[in-house]
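Q: Structure provided below as structure tokens; questions to follow.
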Amino acid sequence: SASSLWLGGALADWLTFGVGGGYSMILNGETQSTTPLLLFHTDVYPLYMLGGPLRDLGAVFEVGLGFPKTIDIETQETLIDGTSSFLMAGAVWEGIKAWKFRFGPMLAGHYMWSETLRRPALILGFRGTIYTSP
């Protein structure tokens, strides 16, 4: 599972920036890996000017730091504990609208790395955003 929460602003109707945090967890039969994240977030809607449903199709980018910790489930031994960089890039369609909320599916690739860690992930999810004015 993976989630993030960020607060930002729009420089234009088609471009937003923000800062925030996130959390991811990977479980398998032998290990549990949890990762708090600090991130910079960007949304770009390159087809916004065309209007219609295409205006809600966007590209999503996040970069930042992760603090992964992996433990052996059986022995509770810490296998990884450190700091790593990460990059996430994907696509979102925010076509479901209710008041100031926008919802839609998201598909993204997430890659975390450090000197001792490589962790790729494919994320398929559902995203919700609230748009307010100052």
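The values are calculated or read from the model by the stated rules, or taken from the named source; none is laboratory data. Since the model is a prediction, treat every value here as computed from it, not as a measurement. Here the Cβ is made from the backbone with ideal geometry for all residues, glycine too, and neighbour counts use every protein chain on show. The accessibility values were calculated without ligands, DNA or RNA, using every heavy atom of the protein model including side chains. Shrake-Rupley method; radii C 1.70, N 1.55, O 1.52, S 1.80 Å.
Q: Please go through the stretch 103-134 and pick out each residue that is under 12 Å from PHE86 (Cβ atoms), over 13 Å from the mean Cα position of the chain (by Cα) and among the small types (Gly, Ala, Ser).
A: SER114
Q: Looking at LEU11, LEU5, LEU39 in this structure, which one is under 20 Å from VAL92 (Cα atoms) and over 12 Å from the mean Cα position of the chain (by Cα)?
A: Working: LEU5 fails: over 12 Å from the mean Cα position of the chain (by Cα); LEU39 fails: over 12 Å from the mean Cα position of the chain (by Cα).
Sole residue among the options that is under 20 Å from VAL92 (Cα atoms) and over 12 Å from the mean Cα position of the chain (by Cα): LEU11.
Q: Still on this structure: Among the residues that make up the stretch 25-47, is at least one of them assigned to a helix (DSSP H, G or I), among the hydroxyl-bearing types (Ser, Thr, Tyr) and closer than 16 Å to ASP13 by Cβ? Give the steps one after another, and end with the answer.
A: From the stretch 25-47, those assigned to a helix (DSSP H, G or I) are none; that's our starting set.
No; the residues of the stretch 25-47 include none that is assigned to a helix (DSSP H, G or I), among the hydroxyl-bearing types (Ser, Thr, Tyr) and closer than 16 Å to ASP13 by Cβ.
Q: Looking at the structure I just gave you, is GLY95 touching a residue at least 40 places away in the same chain (Cβ under 8 Å) and touching a helix residue (DSSP H, G or I) at 6+ places or on another chain (Cβ under 8 Å)?
A: Numbers: touching a residue at least 40 places away in the same chain (Cβ under 8 Å): yes; touching a helix residue (DSSP H, G or I) at 6+ places or on another chain (Cβ under 8 Å): yes.
Judged against the criteria, GLY95 is a match.
Q: Return the residues of the stretch 100-133 that are in a strand (DSSP E or B), under 17 Å from THR35 (Cα atoms), open to solvent by 70 Å² or more (accessible area, probe 1.4 Å) and not basic (Lys, Arg); say none if nothing qualifies. Write out each step before concluding.
A: Taking the stretch 100-133 as the starting set, the residues that turn out to be in a strand (DSSP E or B) are 101-113, 118-130.
Checking the rest, the ones that are also under 17 Å from THR35 (Cα atoms) come to 109-113, 118-123.
So of that shortlist, the ones also open to solvent by 70 Å² or more (accessible area, probe 1.4 Å) come out as 111, 113, 118, 120, 122.
Within the stretch 100-133, TYR111, TRP113, PRO120, LEU122 meet the criteria.
Q: I'd like the full set of residues that are touching a helix residue (DSSP H, G or I) at 6+ places or on another chain (Cβ under 8 Å) and among the charged types (D, E, K, R), limited to the stretch 1-54.
A: Hit for the stretch 1-54 is ASP13, nothing else.
Q: Moving on. I'm trying to understand the selection: among the residues of the stretch 84-99, which are open to solvent by 80 Å² or more (accessible area, probe 1.4 Å) and not in a strand (DSSP E or B)?
A: Across the stretch 84-99, the qualifying residue is only TRP99.
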